[in-house]
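Visitor: Have a look at this one before I ask anything.
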Amino acid sequence: MSKDTLTITDNRTGKTYEVPITHGTIKALDLRQIKTDAEDFGLMSYDPAFTNTASTKSNITFIDGDKGILRYRGYPIEQLAERSNYLETAYLLLYGDLPTQEQLAAWEHEVQIHTLLHSNIEQLIHTFRYDAHPMSIFISAVASLATLYPEARQVTDLDKRHLQIVRAVAKVATIAAFTARHNQGFPFNYPDDGLSYVGNFLKMMFKMTETHYQPNPVLERALNVLFILHADHELNCGTNAMRVIGSSQADPYSALAGASAALYGPLHGNANEEVLRMLAEIGDIKNVPAFIDKVKRREALLMGFGHRVYKNYDPRARIIKKIADEVFEVTGRNRLIDIALELERIALSDDFFISRKLYPNVDFYSGIIYQAMKMPMAMFTVLFAIPRTAGWISHWLELLCDSEQKISRPRQIYLGPECRDYVPVEERQEREKVGCW
Ligand code: ACO
């Protein structure tokens, strides 16, 4: 008769153990009973980069990487992109279901009235060099919110917690826009409560001397879709950072700054910027085959391709590719799209990419659209961090309410020197370097 258990025989001792299987997993701590003798610490699993380790149960985002499926709280990403807007999707992620009309109106109002920044944050942004990377400014400004709202440390107080959620969702857009304006040497545009979340963001980014700035509805819709697509993606590098920092009960702004820092890496959220650099470097369709050869010789990565979980077309890339044409109707065609399409065409018919299941990811087309909208290239990762704030906080909330969670603390396998005595400096011999640094 089949049983939901795993039988393990330890060939070192000949002993057999039976451990339960739940949700397709065994508990890593169940391995600890497997010992060679009473002194032995017990068996652990070794999983650098957590490629096969679940660190939480979650109800937020479902991904089937092989089938190319992405759902937030059960709702297919395609339906949300088609019918929802960013703020509604943020509510869905945070509170578990789509809001009623009254809940949505209250949520929109709450976020709207918290979009202003304390002037300390404005001054902080001004202190950075004009050419500081906006993501570095963003990370610093988000972390600094904790200096203004010390009650954010009371992470178990429900009312105070709710206030920080609203503040974070509202203020990241303003921080992002002010960061861009600072880089460009333009004065800040203050939030406008007559506009939607995304419309207001566009105004804070782009209003110049016109008295009545109105965001273009096609661009506002496209940015809503991009924000929806970027709002969550379960336990990636940044979200894991959010949960790890949050597990020490640090305030949410510090955790958000840490998650943003993780996102900033070129293998994660900064890939959209790298994609554009790559496309600009390729420069012309006729250079695409030579670039593909370079990738196959391992002299370059095809940025915007490949994903830890999608071994099929990233469903977000498919949606983004579709809205590109709508955006180009307004902005004019970004000539880099032709290079991107050719790269995709060649890569998807080449065995190097097919055999490794390398498909375009969310970042492959998003940068081209952002560039067409006149978003500065260095802002691309910040544009990712704004909506991902909703996802990060949703995971933070789930973590705080999960009685199985503790402070995050993986194990290591120590392979360094055995105990040795301190050697006075004059007696030391130069030794061979350890490690790759
Ligand atoms: N270009 C060329 N080869 C690649 C690429 C790529 N973009 N991505 C993976 N490969 C190759 C690897 O060299 C490896 O080949 P091998 O088995 O012959 O050694 C194989 O494909 C498997 O790749 P891994 O590195 O094992 O895949 P992993 O899951 O660790 O990495 C990652 C995923 C980091 C996204 C990787 O595909 C990559 O670097 N892509 C480019 C950067 C990028 O677009 N990042 C954005 C991801 S989406 C996001 O974070 C929002």
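Visitor: Kindly evaluate T174 against the criterion of being farther than 30 Å from R318 by Cβ and of a type in the set (S, T, Y). Outline the logic, then answer.
Guide: Numbers: farther than 30 Å from R318 by Cβ: yes; of a type in the set (S, T, Y): yes.
Considered against the rule, which asks whether it is farther than 30 Å from R318 by Cβ and of a type in the set (S, T, Y), T174 comes out as yes.
Visitor: I need the full set of residues from segment 14-59 which are in contact with a Lys or Arg (Cβ under 8 Å, 6 or more places away or on another chain) and surrounded by 11 or more Cβ atoms within 10 Å (Cβ to Cβ), in order please.
Guide: Selection gives V19, P20, I34, T36, G42, L43, M44, S55, T56.
Visitor: Still on this structure: In segment 319-336, how many are touching a Leu at 6+ places or on another chain (Cβ under 9 Å) and either without any contact (Cβ under 8 Å) to a residue 12 or more places away in the chain or of a type outside the set (D, E, K, R) (or both)?
Guide: 7
Visitor: Something else: Return the residues of segment 379-437 that are surrounded by fewer than 10 Cβ atoms within 10 Å (Cβ to Cβ) and in contact (Cβ under 8 Å) with a residue 40 or more places away in the chain; say none if nothing qualifies.
Guide: Of segment 379-437, the ones surrounded by fewer than 10 Cβ atoms within 10 Å (Cβ to Cβ) are 401, 403-404, 406-407, 409, 412-437.
Within segment 379-437, E404, K406, I407, I413 qualify.
Visitor: Would you confirm whether or not segment 219-228 contains a residue that is away from the ligand (no atom under 16 Å from the Cβ), acidic (D, E) and farther than 18 Å from V382 by Cα?
Guide: There is no residue in segment 219-228 that is away from the ligand (no atom under 16 Å from the Cβ), acidic (D, E) and farther than 18 Å from V382 by Cα.
Visitor: So which residues in segment 171-188 are in contact (Cβ under 8 Å) with a residue 24 or more places away in the chain and part of a loop (DSSP other than H, G, I, E, B), if there are any at all?
Guide: G185, F188
Visitor: M44 fails exactly one of the following numbered conditions: (1) away from the ligand (no atom under 16 Å from the Cβ); (2) in a loop (DSSP other than H, G, I, E, B); (3) within 27 Å of the chain's Cα centre (by Cα); (4) in contact (Cβ under 8 Å) with a residue 40 or more places away in the chain. What is the number of that condition?
Guide: Single failed check for M44: (3).
Visitor: Next question. Can you tell me which residues in segment 155-169 are of a type in the set (D, E, K, R) and surrounded by 18 or more Cβ atoms within 10 Å (Cβ to Cβ)?
Guide: R161, R167
Only the coordinates and a few stated rules stand behind these numbers; no lab work does. The model shown is predicted, which means the values in this text are computed figures rather than measured ones. FYI the Cβ positions are ideal-geometry reconstructions off the backbone, even for glycines, and counts take in every protein chain you see.
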